[in-house]
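See below for the structure under consideration.
We did not get these values from a lab; they are worked out from the coordinates using the rules stated. None of the values given here were measured: they were computed from a predicted structure. Here the Cβ is made from the backbone with ideal geometry for all residues, glycine too, and neighbour counts use every protein chain on show.
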Amino acid sequence: MKILLSKDSEDLEGTVDAEGAGWRVTLCGRAVHVEGVVGDWMRVRLDGRPVEAWVTRQGDTLTVERDGRVFRFRVRDPRAPKLARRRSQEDSTRGELHAPMPGLVVQVLTHEGETVEAGHPLVVVEAMKMQNALVAPLKGRVRSIPVTPGTAVESGQLLLAITPEES
């Protein structure tokens, strides 16, 4: 499977393929064999060496914390055309939820005016035969939902806007 991660202004292309009891992950031409438990917290072996890391995903932002260092990436669909670069962090602080890849809106799990918590699932988008629940980037009140179930969306399209809660 092809993957595309954006870090700052750089696109990192790679692949993830099943290999034995794990995966062969190739990123920027460097391949490693990965085995182990992968989830929010990971304990894996990279080319036979044990590694521990925390991995979180919020919307289209993937954060990896390892050995006291933090790496943030934007997950993109490698099939999608290159769009003008959006600042994913700014979208989150503005309370915008965008489609991470082309797909079909399957469910809208909220309504305009509802108060939502950060991390609460709001919209389910089906892409590449997989359903992805997209979550609120922050706590606030749903301001607008320009999509409905059955809407075909493109990568980067606005799905929902939230007015941030006043502190």
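Across the stretch 88-164, C-alpha contacts under 8 Å between residues 6 or more apart give a mean separation that, scaled by the residue count, equals a relative contact order of 42 percent.
Extending 7 Å from the Cα toward the beta-carbon at both Glu166 and Gln131 defines two label points whose distance is 3.8 nm. Of the peptides 22-28, 155-161, 98-104, the order by per-residue mean of other Cβ atoms within 10 Å, starting with the highest, comes out as 98-104, 155-161, 22-28.
Packing here is the average count of other Cβ atoms within 10 Å per residue, and on that basis the peptides 132-143, 117-128, highest first, run 132-143, 117-128.
Please work out how much length the chain gains when fully extended from Phe71 to Gln107, using 0.36 nm per residue of separation minus the C-alpha to C-alpha distance, in nm with one decimal. Roughly 9.8 nm would be gained on extension. If R0 is 22 Å, what FRET efficiency do you get for Asp11 and Val51 from their C-beta distance, rounded to 0.05? My answer for the efficiency is 0.35.
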